[in-house]
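J.: After the structure tokens below, expect a handful of questions from me.
The values are calculated or read from the model by the stated rules, or taken from the named source; none is laboratory data. The structure presented is a predicted model; accordingly, all values stated were derived computationally and were not measured. Backbone-built Cβ (ideal geometry, glycine too); neighbour counts: all protein chains shown. Accessible surface is based on the protein model in full, side chains and every heavy atom, while ligands, DNA and RNA are left aside. Shrake-Rupley method; radii C 1.70, N 1.55, O 1.52, S 1.80 Å.
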Amino acid sequence: MTKPIPDYSFEEAAQRRGYTRIVGVDEVGRGPLAGPVVAAAVWLDPAHIPEGLNDSKALTAKRREVLYDEIFTKADVSIASCSVEEIDEINILQASLRAMERAVAGLKVKADYVLVDGNKVPPAFGLDAEAIVKGDARSLSISAASIVAKIWRDRLMVDLAQQYPGYGWEKNAGYGTKVHLEGLRDFGVTPLHRRSFKPVHNILYQDKNVSD
């Protein structure tokens, strides 16, 4: 079974229904134990769509970097995030939706239709929208958003790894790898760890029991 290659058909279908500014939005960072959740919204100029767009996970790191720069040159791009504090307060799903809302709101030109990766449309969009399951592998606009969000967040986690060495964030982007879990045990919980996530919560809880 061949993997789907994203195309412009969802955007064209929306155009036929009378929409003129159709954007794709995707988020990255729902699973990590540390760092914000990040969303990107992208409007592609139909006349200047970068070649080779695909789900960010299906591309090599080098190819993602090249496309990232090209997307910024040719498209209207907005990046937004939800902090660790917000994730712990409202839960990761709601934080992901909020980051997507912020990304769409931050575009230079207001969208009139949004293609959202996943199965939920953020409630506060105030715009017509549709959710597309595996949208990053089906819609070119969402593919572009997935690449932008991933590269931006990965770079952020490399920067944050300089402030908090020992957790391997420069390689694991905050996901719960062996190195990261060992770092949590050896160095404890940082302000950038999601306290509502079980491995982090458990370490905090253990420490509390020991001190009690």
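J.: Helix 198-211 against the longest principal axis of the chain: what's the angle in degrees, Cα atoms only, rounded to the nearest 10?
T.: 20
J.: Around Tyr113, which amide H atoms from residues at least 5 apart in sequence, or from another chain, sit under 5 Å from its own amide H, with H modelled in the peptide plane?
T.: Answer set, sorted by chain and number: Arg21, Val23.
J.: Moving on to the next point. Give a residue-ordered list of calculated ³J(HN,Hα) values for the range 190-197 (Karplus: 6.51 cos²θ - 1.76 cosθ + 1.60, θ = phi - 60°; whole Hz; x for Gly, Pro).
T.: Taking θ as phi minus 60°, the curve returns 8, x, 9, 7, 7, 5, 7, 8 Hz for the range 190-197.
J.: In µm²/s, what is D for the range 1-59 at 10 °C and 1.306 mPa s, where D = kT/(6 pi eta Rh) by Stokes-Einstein and Rh is the Kirkwood radius from Cα pairs? Before the final figure, lay out the partial values.
T.: Values: Rh = 13.9 Å.
After rounding, the answer is 114 µm²/s.
J.: Measure off, as a whole percent, the carbon and sulfur share of the 1.4 Å-probe accessible area of the chain, all protein chains present. Write down the numbers at each step before the final one.
T.: Values: 5730 of 10740 Å².
Carbon-and-sulfur percentage of accessible area, whole number: 53.
J.: Run the reach check for Lys110 against lysines, Cα to Cα strictly under 24 Å, same-chain hits fewer than 8 apart removed. What comes back?
T.: Leaving aside lysines fewer than 8 places away in the same chain, those within reach of Lys110 are Lys74, Lys120, Lys150.
J.: Of all trypsin sites (Lys or Arg not before Pro) in the range 1-66, which ones are in loop regions per DSSP and have a Cβ with at most 11 other Cβ atoms within 10 Å? Don't jump to the answer; show the numbers that get you there.
T.: Details: sites: Arg16, Arg17, Arg21, Arg30, Lys57, Lys62, Arg63, Arg64; in loops: Arg17, Arg21, Arg30.
Taking the range 1-66 and a limit of 11 other Cβ atoms within 10 Å, the loop trypsin sites (Lys or Arg not before Pro) found are Arg17.
J.: Shifting gears a bit: Over the chain, give the accessible area per residue in Å² for a 1.4 Å probe, as an integer.
T.: Heavy-atom SASA per residue in the chain reads 51 Å².
J.: Could you pull the Cα extents of the range 101-145 along its three principal axes, largest to smallest, in whole Å?
T.: Cα extents, longest axis first: 25, 20, 15 Å.
J.: For the chain, find the longest principal axis of its Cα atoms and tell me its angle to the long axis of helix 140-163, 0 to 90°, nearest 10.
T.: It works out to around 30 degrees.
J.: So, in nm, how far is label Arg155 from label Lys178 when the simple model puts each one 7 Å beyond its Cα toward the Cβ?
T.: 3.2
J.: Right, here's the next one. Can you compute the modelled spin-label distance between Tyr205 and Tyr8, with each label point 7 Å from Cα toward Cβ, in nm?
T.: Going by the 7 Å Cα→Cβ label model, 5.2 nm.
J.: At 7 Å along Cα-to-Cβ for each site, give me the label-to-label distance between Arg30 and Ala47 in nm.
T.: Each label point lies 7 Å from its Cα, and together they span 3.7 nm.
J.: Moving on. When the C-alpha atoms of the chain are aligned to their principal axes, what extent does each axis show, in angstrom, from largest down?
T.: Sorted largest first, the three principal extents are 65, 37, 35 Å.
J.: Moving on to the next point. Between the range 112-151 and the range 176-200, how many Å separate their Cα centres?
T.: That distance is 30 Å.
J.: Extent of the range 54-146 along each principal axis, from alpha carbon coordinates, in Å, largest to smallest?
T.: Principal axes ranked by extent give 36, 29, 25 Å for the Cα atoms.
J.: Here's a follow-up. What size of dipole, in debye to the nearest 20, comes out for the range 1-84 about its Cα centre when the only charges are +1 on Lys and Arg C-beta atoms and -1 on Asp and Glu C-beta atoms? All intermediate terms of the calculation are to be shown ahead of the outcome.
T.: Numbers: 10 positive and 12 negative charges, 45 e Å.
About 220 debye.
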